1. Would it be correct to say that Met114 is surrounded by 12 or more Cβ atoms within 10 Å (Cβ to Cβ) and part of a helix (DSSP H, G or I)?
2. Six or more apart or on different chains, Cβ under 7 Å: which pairs go from a residue in region 52-81 that's without any contact (Cβ under 8 Å) to a residue 40 or more places away in the chain and assigned to a helix (DSSP H, G or I) to one that's surrounded by 10 or more Cβ atoms within 10 Å (Cβ to Cβ) and among the charged types (D, E, K, R)? Could you list them?
3. Can you run down the residue pairs with Cβ atoms below 6 Å, 6 or more apart or on separate chains, where the first is in region 103-121 and in contact (Cβ under 8 Å) with a residue 12 or more places away in the chain and the partner is basic (Lys, Arg)?
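Since every read-out is calculated from the coordinates, none of them should be taken as a lab result. What you see is a predicted model; the values in this text were computed from it and never measured. No Cβ is skipped: glycine too gets one built from the backbone with ideal geometry, and neighbour counts run over all protein chains shown.
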Amino acid sequence: MKKTLKREKRLSSAKSWIKTYSGNNLVKGYSKNYFVDKLCAVKELRMVGVNISEEYEKQLINSMEALRQQRLSFKKKREDKLNDLCEFDSDENFAMIIGYTSGGFPYGVTHEEMDETNNKE
């Protein structure tokens, strides 16, 4: 894992780096070269005199927020799926209904049995 330089060092080398940069997206290139996120790249490029529009910065913020929401949604779906696999029904008699008899009656762990098990632990 590479460590990023401190801001002071990045800013001092940025002007010469910008002159040699040949890519199309200066913010993306700066971000990759100095191992910082794109919002940090925008801020630091502005500090060295590069003109970056407010609109571009807003687009970055929106896309980063959308990505964060997408990751949260994926995580929630994965957790819900795991919970569905592990979740048991319960009622007034059973703390955990494991299944049902052919006649439709539940069977499982009663509330009393669950209390005894929890007290032992």
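1. Yes.
2. Cβ pairs passing all conditions: Leu60/Lys38.
3. none
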